[in-house]
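The block underneath contains the structure these notes are about, expressed in structure tokens.
The values are calculated or read from the model by the stated rules, or taken from the named source; none is laboratory data. Keep in mind that what you see is a predicted model, and the values were worked out from it rather than measured. Methodologically, a virtual Cβ is constructed for each residue, glycine included, from the backbone with ideal geometry; neighbour enumeration extends over all protein chains shown. Heads up: the accessible areas ignore ligands, DNA and RNA and are worked out on the full protein's heavy atoms, side chains in. Shrake-Rupley method; radii C 1.70, N 1.55, O 1.52, S 1.80 Å.
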Amino acid sequence: MWIIQLCIIILTAGLCGAFAKRIGQSRVVGEIAAGLLLGPSILGAVGGDYYGAVFSSSVAPIMSKLGELGLVLLMFQLGLHLDLKVLREQDNMRVPVAVALMGIAVPFTIGCGIAWLSLPVLAIDVPALAYVLFCGVTLSISAVPVMARIVVDLGMTGTGTAAIALTAATLTDALGWLMLAMIAALTAGVLAWHDILCNVVLLCVFAAVSLLVLQPIWTSLFRRARGPAGIARLLPPVFCYVLISSWITAEIGENRGNGKKVR
């Protein structure tokens with residue numbers, strides 16, 4: 001049954017993506033709309049038993065793993081085309097940092113304000129501080145995969161604008177998820193600064209090893225590869241490296257997408 005689900009999802013996403021492109025939007029906008037259409041909020045509300053038969057919950061884990069694999073490959077494609085040399089050559093690293101900080105500060109302030117006003121109505125029995133901080137942080141986290149698709153769809157990969165936007169989004173995403181983990185731990189009463197610091201250090205070590213040790217090795221291997229046949233021989237180890245990177249970042253505590261951007 002999961003094959004039928006996959007076919008329905010692919011066809012619907014393709015149709016909605018083509019429609020979005022036709023009206024001047026990125027294809028990913030239509031694909032997100034396709035997910036909403038096929039979800040329980042719309043199709044599930046009108047489909048009744050037919051929806052439960054086609055989109056059975058028993059195959060949900062399979063579809064979740066397929067979606068996670070697709071996210072891994074998407075972020076790898078992003079990292080493959082993201083050229084940070086543009087920022088280094090122009091001495092513009094302060095620009096994405098400033099954008100990331102403002103991208104967190106502004107929605108965080110708005111989210112906290114809305115949460116404080118809605119506290120007496122929506123979260124009467126919830127700890128006030130945790131609710132306010134949670135709302136602020138959730139509005140601050142960016143959707144890096146969506147931005148990556150927009151960059152790819154618009155053909156902006158390799159440009160300075162894309163490098164600034166994606167670098168800022170990556171910084172925002174990493175900091176936002178870290179803040180969200182801290183708030184969740186604080187709410188549960190198990191906040192351990194040692195564990196958080198350990199995860200940050202491990203992530204920095206992984207990034208350093210990837211950039212300083214593994215990147216030169218991969219560069220040398222690809223330079224020695226001769227023609228399409230040589231490149232084809234490198235595809236299996238590259239694919240395994242991508243999957244292992246995603247597993248390492250997941251074990252460290254980050255989401256799996258972050259490991260593919262460090263290449």
| Filter result for ILE8 (surrounded by 13 or more Cβ atoms within 10 Å (Cβ to Cβ), part of a helix (DSSP H, G or I) and touching a residue at least 60 places away in the same chain (Cβ under 8 Å)) | no
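If you scan region 60-76, which residues turn out to be crowded, with 16+ Cβ neighbours inside 10 Å and modelled with pLDDT under 80? Before the answer, list the steps.
Taking region 60-76 and keeping what is crowded, with 16+ Cβ neighbours inside 10 Å, we get 71-72, 74-76.
If the condition is that a residue be crowded, with 16+ Cβ neighbours inside 10 Å and modelled with pLDDT under 80, then LEU74, MET75 are the ones that fit.
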| note | For region 8-53, the count of residues that are in contact with a helix residue (DSSP H, G or I) (Cβ under 7 Å, 6 or more places away or on another chain) and among the acidic types (Asp, Glu) equals 1
| request: Any residue in region 225-252 that's free of Cβ contacts under 8 Å to residues at least 60 places away in the same chain and open to solvent by less than 30 Å² (accessible area, probe 1.4 Å): show its pairings with residues that are small (Gly, Ala, Ser) and part of a helix (DSSP H, G or I) at Cβ separation under 6 Å, as long as the two are six or more apart or on different chains. | output: SER245/GLY259; THR249/GLY259
| Members of region 34-69 that are touching a residue at least 12 places away in the same chain (Cβ under 8 Å) and of a type in the set (Phe, Trp, Tyr) | PHE55
| Which helices (runs of 4 or more DSSP H) sit wholly inside region 124-189 and have at least 1 residues that are of a type in the set (D, E, K, R) and more than 18 Å from THR249 (Cα to Cα)? | 144-153
| query | Within the set of pairs 6 or more residues apart or between chains, which connect a residue that is within 11 Å of ILE150 (Cα to Cα) inside region 22-33 to a residue that is of a type in the set (D, E, K, R) with Cβ atoms less than 6 Å apart? | reply | SER26/ASP153; ARG27/LYS21; ARG27/ASP153; VAL28/ARG149
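Where residues in region 185-207 are exposed (fewer than 12 other Cβ atoms within 10 Å of the Cβ) and farther than 21 Å from PHE134 by Cα, which of them is modelled with the lowest pLDDT?
Among those residues, the one meeting the criterion is HIS194.
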| field | Residues located in region 156-166, provided they are modelled with pLDDT of 80 or more and open to solvent by 20 Å² or more (accessible area, probe 1.4 Å) | value | ILE164, ALA165
| query | What tally of residues in region 143-173 results from selecting those that are within 12 Å of the chain's Cα centre (by Cα) and within 12 Å of LEU101 (Cα to Cα)? | reply | 5
| Looking at region 137-147, which of its residues are at pLDDT below 80 and either open to solvent by less than 10 Å² (accessible area, probe 1.4 Å) or over 29 Å from ALA115 (Cβ atoms) (or both)? | VAL144
| query | Yes or no: ALA115 buried (at least 17 other Cβ atoms within 10 Å of the Cβ), in a helix (DSSP H, G or I) and at pLDDT 85 or above? | reply | yes
